[in-house]
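The structure appears below as structure tokens.
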Amino acid sequence: MRRSVVRSTTFARVLRAFGIFVLIALGVLWALTLLWRANLASTEWQLLEAEVAWIEADITENGIEDFLDAYAGDERIWEDDFLYEPLEEGSFIYAFRDEEDELLAGYGDLYPTDLKAGAELFHPEIDVPIRGVKFGYDGGYAVTARFEPDERSDILAFAQFGTFALFLIGLPLALFVGYFLSRDVLRRIEVISATTAAIAEGDMARRAPETGQNDEFDRLAGGINHMLGALAQLNANIEAVSVGVAHDLKTPLANIGGRLELMERDAGDPAALQGHIEAAQDYLDELLRIFEALLRLGEVESGRRKAAFAPLDLSEIVANMGEAYAPVFEDAQKSLEVSVAPGVALDGDRELLEQMLSNLLENALEHSRDAAQVQLTLSASALTIGDDGPGIPPAHHSRIFERFYRADSSRTNPGSGLGLALVKSIADLHAMTITLDTRAKGAVFSIALPPSQG
Amino acid sequence: MVVEDDAETRDYLARGLGEAGFAVTAFAEPRAAMLDLAAHSYDAIVLDRMMPGMDGIDVLKLMRGAQITTPVIMLTARSAIDDRVAGLEAGADDYLVKPFALSELVARLKTIARRPAMAEPEADLTLGDIRLDRLKREATRAGELLDLSPLEFKLLEFMLQNPGTVVTKTMLLEKVWGYRFDPKTSLVQTHMSRLRAKVDKPFEHEMIRTVRGSGYVIDAP
């Protein structure tokens, strides 16, 4: 587990995020430090310049001797120990020299060469950098300087400490947080992985556990479970279809086999042979019809035909279909009443829609009672086809659109049990909803047209 | 001419069409067929859609490109609609999906071999004492106006365009109704029997005959 935690995405991301955080923090820290230091430096320069300005003015007015008399007093030359006072009080230190570099007053170890940045005085104990300027006057030159205030080095020290702390404390913290965060995430993922692995090995009933927190993991688990449910349904469907296919193909094949046997027996009787051949051909036709219907179903359900959708006048299609079938109903001593609202248009596949209507009409023709009245109605929003018979028993309602399902379980009626399945898949392809109207008296199929495009 | 790569189907077609009265030359290879077309002329070509190395559609396009206007029936194992459209656009005169009954192919061959492609439709069709006025949408037999529904009129019109040849149920569904599926019920038979009740029953001679297992034929008495 530990290795996989360290190698997990979450862990890597926590570390990466920490790295970015550290970089930004360092950037801000050092930028502020440098700004602050620059600000302090410019204040220092201003103080120095002001000091130098009044000294120069005084010397120019009164001469160096008078100036030194007035301000330096008796002890003109400073000892090393004198330096502690300006160091503590932040006051200035000086070195006044004549033209021969002879020290007139101030601190003897303060030279103009010390004035480069960060220079220190040659003093055994004080190692604080100084900042100063050199200026000349009539009869010599002077250097005025000040120790760098503590603040400046404090800031630097703080920045250095901050940098150090960020790495020293932050890095272990990041590893720690990353590890536990990753472990939690990984734990929940592993459960889902284990589920999918179990399913891959054939345990189709396994489902990913859901914690009920409705977080992203629950949604993932829910999505997987939903998918598995749909797959199981599909699987069951395929099984049912396979059984249906096998059963429905077996009968005509057995019949053909039987006829072949009879042919062998009746080889000498041309009239009987002719009869067997014709019967065998009928069974073959039946087989081919089932295959054709299956292929159609496959083609429709693949959705490929959607590419060939074109604007259609549904009213015209329904009216023509009604016209074509009305005599067929009449011959069967039934009646077909057609009523079509004009100008109902939709995008679709003409051939498939005609097939759908034909299947519905033939279904009505076959399954309605004797002398039934069948009504085919197209309105702007729906297509209905229904009879005035006893209707379909409720036990069959949920299954009539399944392949090979027949309400008539004796399978004596002709038909492959694919007609309504095809109707449903064609309706689905056209975004129509087909329902069996359970409130109606007879068997009434109602197809809601898709809301008109545009 | 039959162009079909599968030996069994080719022999079956050659024999069946031969027995139906056609003189058949069969080719397994589209290139050999194309070469032969340059030398001989045929009344009709039966062309398989799927052949190794060459798509029947490409063969057809080559033919049409070479100004060979011989009527062509395409055979295909697939019923996908775009296939059919592609075939018809490439210049096929008809399209037949395997498996099919030989009688179906014979009937279709006879109708396309009979009339040159792109024939001008005539205003009037006559056969024996039947007369069909396509402009007025009126049909008469022996001078008597026949009371036909629009569908029955179309049915009779199609029959009269192909006198003496068998038209199959599937052909009628395709050409008269425009339907490309096989209804379980006796859609065609019903309308045909109504048409015959009006066209033949009241008269002395029956002109429309049923050919068992194949379809219908209309003949002058």
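The values are calculated or read from the model by the stated rules, or taken from the named source; none is laboratory data. Just so we're clear, the structure is a prediction, and the values are computed from it rather than from any experiment. All Cβ positions, even for glycine, are placed from backbone atoms using ideal geometry, and neighbour counts span all protein chains on display.
Structural remarks
Listed here are the residues, each with its yes/no results for (1) in contact with a helix residue (DSSP H, G or I) (Cβ under 9 Å, 6 or more places away or on another chain); (2) polar (S, T, N, Q).
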position	(1), (2)
A:Val22	yes, no
A:Val28	no, no
A:Leu40	yes, no
A:Thr60	no, yes
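- Inter-residue pairs, beta-carbon under 8 Å, first at pLDDT 70 or above and in region A:396-407, second aromatic (Phe, Trp, Tyr), 6+ apart: A:His396/A:Tyr405; A:Arg399/A:Tyr405
- Residue list for region A:366-392, restricted to those being outside any loop (DSSP other than H, G, I, E, B) and either over 18 Å from A:Ala319 (Cβ atoms) or within 49 Å of the chain's Cα centre (by Cα) (or both): A:Glu366, A:His367, A:Gln373, A:Leu376, A:Thr377, A:Leu378, A:Ala382, A:Leu383, A:Thr384, A:Ile385, A:Gly386, A:Asp387
- Exclusive hit being in a helix (DSSP H, G or I) and in contact (Cβ under 8 Å) with a residue 40 or more places away in the chain, set A:Leu231, A:Leu181: A:Leu181
- Answer residue from region B:187-221, given it is in contact with a Pro (Cβ under 9 Å, 6 or more places away or on another chain) and assigned to a loop (DSSP other than H, G, I, E, B) and is surrounded by the fewest Cβ atoms within 10 Å (Cβ to Cβ) among those: B:Glu204
- Out of B:Leu155, B:Leu151, B:Leu173, B:Leu88, sole residue that is part of a helix (DSSP H, G or I) and not assigned by TED's automatic domain parsing to the domain that holds B:Thr210: B:Leu88
- In region B:132-177, the residues that are out of contact with any Lys or Arg (no Cβ under 9 Å at 6 or more places or on another chain), surrounded by 20 or more Cβ atoms within 10 Å (Cβ to Cβ) and farther than 27 Å from B:Leu102 by Cβ: B:Leu132
- Any hit, region A:97-110, residues being assigned to a helix (DSSP H, G or I), modelled with pLDDT under 85 and either aliphatic (A, V, I, L, M) or within 60 Å of the chain's Cα centre (by Cα) (or both): no
- Candidate set from region A:305-351 (those that are in contact with a Ser or Thr (Cβ under 9 Å, 6 or more places away or on another chain), facing another protein chain (nearest Cβ under 8 Å) and of a type in the set (A, V, I, L, M, F, W, C)); member that is surrounded by the most Cβ atoms within 10 Å (Cβ to Cβ): A:Ala324
- Filter pass, A:Glu354 being over 17 Å from A:Lys424 (Cα atoms) and either part of a strand (DSSP E or B) or within 9 Å of chain B (Cβ to nearest Cβ) (or both): no
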